[in-house]
1. Extent of segment A:16-178 along each principal axis, from alpha carbon coordinates, in Å, largest to smallest?
2. Whose amide H sits under 5 Å from the amide H of A:GLU42, counting only residues 5 or more places off or on another chain, with H placed in the peptide plane?
3. Taking the convex hull of the Cα atoms, report for segment B:88-167 its projected area averaged over all directions, in nm².
4. Measuring from a point 7 Å past the Cα of A:THR100 along Cα-to-C-beta, which residues in segment A:128-166 have an amide N at less than 12 Å?
5. Taking the Cα centre of each part, how many Å lie between segment A:30-57 and segment A:144-172?
6. Just checking the output field for B:236-243: average partner chain Cβ neighbours within 10 Å of each residue's Cβ?
7. Which whole number gives the average count of other chain Cβ atoms within 10 Å of the Cβ atoms across peptide A:248-255?
8. Counting only other chains, what is the mean number of Cβ atoms within 10 angstrom of the Cβ of each residue in peptide A:23-33?
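No value in this document is a laboratory result; all are computed from the given coordinates. Computed from a predicted model, the values in this text were never measured in an experiment. Virtual Cβ from ideal backbone geometry, glycine too; neighbours counted across all protein chains shown.
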There are 2 protein chains.
Amino acid sequence: MSKAKAPQMCDPHAPVVILVNPQLGQNIGTAARAMANFGLSELRLVEPRDGWPSEWAVKAASGADWILDGVQVFERLEDAIADLHHVYATTARPRGMTKTVITPADAGLDMRARAGRGQKLGILFGRERWGLNNEEVSLADVIITAPVNPRFASINIAQAVLLVAYEWYRHEAGERVGMETDEAPALTPGLKMPDSRPATKAELIGMFEHLESELDAAGFFRSPDMRPTIVRNLRNMFERAELSDQEVRSFRGLIRALSGNRQRHKNRKQ
Amino acid sequence: MSKAKAPQMCDPHAPVVILVNPQLGQNIGTAARAMANFGLSELRLVEPRDGWPSEWAVKAASGADWILDGVQVFERLEDAIADLHHVYATTARPRGMTKTVITPADAGLDMRARAGRGQKLGILFGRERWGLNNEEVSLADVIITAPVNPRFASINIAQAVLLVAYEWYRHEAGERVGMETDEAPALTPGLKMPDSRPATKAELIGMFEHLESELDAAGFFRSPDMRPTIVRNLRNMFERAELSDQEVRSFRGLIRALSGNRQRHKNRKQ
């Protein structure tokens, strides 16, 4: 069942996911996949309805087999959390309990801080039908409730695992897209192609002048009064695209191609 | 099929979710449920493999039936995005494309800012097996890539919908994300002209096809093998510029002007 695909990815400080009385093997598998997506690896089950192991779980895990292989099954929630220092309970609705309620985002930060201090953490997720009961919630230190559409608040269990795992992971990742190591996320249009560089302004202006002279030749600017405004708007449009040197060359080829026959035609007439 | 459970929850500014060639009805249903959790309601499908409607989808939607009832099915992605102003493509891995890549969190902020300016937005999600192809990605303005475990980067499609929908919703929900102002700045270049609006995708695609047909006529694509790549790069370049409707009209005028004499010359020869 195991693939060698993702070995040794266990972060000993990553929170343990505990599914209480899960009904469908498929949800267990999808939860395992979500854990794998976001760097969690320890999964515990309390009384899975259909027993364990589960072929449905394997199928839904899409290769996160090392997580399923490491699953521990418990009869009682108390035993499943016995070695943990701090436990979060996920609930969809307020419980009228005197207990701190935080968002997944705050939970992500809190888990990072606690893990950094060496605490072993766990997150409880309830049954598909009706979540965790009050006794189970009372075993947790803190409640996590996602901001959710109040008219449709019931989140699938694997989806809930995904959200909390995502919030755990993205703080580690420093929000680095795709974990491309030392590359910062591009918040403004950046050039991603490895073999190209941003065009210099000289290259860009050369392209503008090429385009504008062809437009002059083609009679594009009907009124001389309007020419400066139209030229400025066109230049703005291309500036916004933050062209690479390669793109400037391509675009000049395009201008030549479009105006090509007109040029050749003109030359013949001379 | 409909239940009266969640009426009138449509936020006309909420982004449209577009699933391209989804394989499993169950994933469509789970995606609809995730949308309902986070206040999205408009779902479009491009060529669902097993047809539409789908009993599997209904079962997996767990009551988000008003979303399934409102599904629109398209044969071509171009038609599915025709009325949209700004489109995000979700991808799991870098594409070597010259296109802005942002995280789901930044996408949430960006979508709020744009929706606040009246733009109609869409988010593309690819097939279960291998996501979106490069041509599909090139129709989008921006790429969304979640920070994810690089050794297990493939996110289930419904999970991906959940993440982006969550990031959209939590800003509405007023969760503080380190930004206290009520109006978030757009993270990608916005339009500055007061009397113009962003081009719709239909307008943009019309411009692309106009340009490409003129380039075909001019013999610009010397090798048929290279045509798709060159077309994609050109489209990406223009997508990046976020053209207004006015600019699309100007650029089409420019194409006509540049290719005009060639056309007239050709006509004379006929």
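1. Taking max minus min along each principal axis of the Cα atoms, segment A:16-178 gives 38, 38, 36 Å.
2. Those lying under 5 Å, H to H, from A:GLU42 are A:VAL17.
3. Details: hull surface 20.8 nm².
Seen from a random direction, the Cα hull of segment B:88-167 projects 5.2 nm² on average.
4. Correct set: A:141-144.
5. Measuring centre to centre over Cα atoms gives 17 Å.
6. Mean shielding by partner chains, rounded to a whole number: 5.
7. Working: counts 1, 0, 5, 2, 0, 3, 9, 2.
That average works out to 3.
8. On the way: counts 0, 0, 0, 1, 0, 0, 0, 4, 0, 0, 5.
Across A:23-33, the average partner-chain Cβ count within 10 Å equals 1.
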